[in-house]
Amino acid sequence: MPTDDASLRAASETAVHQCLDLAADESLLVVTDDKRTRIGEALYDVACDVTDDASIIRYPPGNQHGEEPPAPVAAAMQSCDAFLAPTTKSLSHTRARGDACDAGARGATLPGITEEVFVTGLDADYDTIYDHSKAMLDAVGDADEVRVTTEKGTDITFVRGDREWLADTGAIADSGSFSNLPAGEVFLSPASATGTYVVDGTMMPHGLLDDGQDLRFEVEDGYVTEISDDDIREQVEAAAEEVGRDAYNLAELGIGTNVGVTDLVGSVLLDEKAAGTVHIAIGDDAGIGGDTDAPLHLDGIIRDPTVYADGDAVELPQP
């Protein structure tokens, strides 16, 4: 059943007012595609109530998360004060998004967003999300090594090196700032990582995994060396034809801080924010503090982890 217009508008108001804090003298660009039109138009309508300088641009959905948008879209993103990008495929880890923020635009991507996830994920207290994210940064931010284990076989250690932990809190009022929406995570592009991780939550192209449908990854010196799942392996191999070994880069460790997400629903965008989970990604990390350019960024969500910062167990927020 389609989401009603009132619910879409309420979620849009959270994004435009609470997260962006859009002002009347600012320009806003909504970037969307042919499959996310209702969400894009709801955001545009709310923005038009705030500013006379709102625009919306739409293009066909991309083929892969992290694929660059058409050049006119990238140019438009650099010339606005703020942007919101509800799209089928993620623009988070694209040069277009990074260049826009470098030019001073602030904004949020909503990759793979559905109307249900949009309404559910934006119905949140973002002050609380901010507080949990800050507490988690305090717990892990200075650690040289972070280890993640689970009963299903995850045991992987991440080396911070000279990289910094970042927070995605939904607060995007400052020039050049960026967030995913829905928000709620702290994350690191590690200098290196070694071990095994087992995804038992959500990962594309599968969505929410069935009981026992665990995906196993072996990692050595910052690169994924073995992938148990054929579909995911094929995606990475296809990217490797373009960028070689960089497609296998261990790109991210993230910790969910959104206590409003009580159940995984099969959306990476929402599920990676769920408090009490971690996620690990393969591929591009140039947009999150790393130095690897790759045409994919594949997140896998892991349930019920134990996290250690320099050997000390960290208390994770719980829904």
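Quick notes
For every residue, the table says whether it meets (1) in contact with a Lys or Arg (Cβ under 6 Å, 6 or more places away or on another chain); (2) surrounded by 17 or more Cβ atoms within 10 Å (Cβ to Cβ); (3) within 14 Å of LEU181 (Cα to Cα).
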site	(1), (2), (3)
ALA6	no, no, no
CYS19	no, yes, yes
ALA24	no, no, no
SER27	no, yes, no
ASP45	no, yes, no
TYR59	no, no, no
GLY62	yes, yes, no
ALA71	no, no, no
SER90	no, yes, yes
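- Some residue of the stretch 244-257 being at pLDDT 95 or above, over 26 Å from GLU151 (Cβ atoms), among the aliphatic types (A, V, I, L, M) and crowded, with 20+ Cβ neighbours inside 10 Å: yes
- Filter result for the condition that a residue is touching a Lys or Arg at 6+ places or on another chain (Cβ under 8 Å), modelled with pLDDT of 95 or more and not acidic (Asp, Glu), over VAL219, VAL261, VAL198: VAL198
- One residue stands out among those in the stretch 79-116 that are within 16 Å of GLY287 (Cβ to Cβ) and among the β-branched types (Val, Ile, Thr): the one that is modelled with the lowest pLDDT, which is THR94.
- Of ASP138, ASP144, ASP131, all but one fail to be under 30 Å from THR306 (Cβ atoms), of a type in the set (Asp, Glu) and at pLDDT below 95; the exception is ASP131.
- Yes/no for LEU253 being touching a strand residue (DSSP E or B) at 6+ places or on another chain (Cβ under 9 Å), in contact (Cβ under 8 Å) with a residue 12 or more places away in the chain and not in a strand (DSSP E or B): no
- Here is the figure for the stretch 208-235: residues that are in contact with a strand residue (DSSP E or B) (Cβ under 7 Å, 6 or more places away or on another chain) and assigned to a helix (DSSP H, G or I) total 3.
- Count of residues meeting criterion [in a loop (DSSP other than H, G, I, E, B) and of a type in the set (Ser, Thr, Tyr)] in the stretch 263-319: 2
- Contacts under 8 angstrom Cβ, first residue in the stretch 113-141 being within 13 Å of ILE255 (Cα to Cα), partner aromatic (Phe, Trp, Tyr), 6 or more apart: LEU137/TRP165; VAL140/TRP165; GLY141/TRP165
- Entirely in the stretch 10-117, the helices (runs of 4 or more DSSP H) that have 1 or more residues that are closer than 20 Å to ASP293 by Cβ and outside the structural domain of SER175 (by TED's automatic domain parsing): 71-78, 95-102
- Selected residue (only one of PHE178, PHE187 is of a type in the set (A, V, I, L, M, F, W, C), at pLDDT below 95 and under 21 Å from ASN258 (Cα atoms)): PHE178
- Looking across the stretch 127-167 at every residue that is part of a helix (DSSP H, G or I) and of a type outside the set (A, V, I, L, M), the one that is surrounded by the most Cβ atoms within 10 Å (Cβ to Cβ) is identified as SER133.
The values are calculated or read from the model by the stated rules, or taken from the named source; none is laboratory data. In this text, all values refer to a predicted model and were calculated from it rather than measured experimentally. Note: ideal-geometry Cβ built from the backbone for every residue, glycine included; neighbour counts use all protein chains shown.
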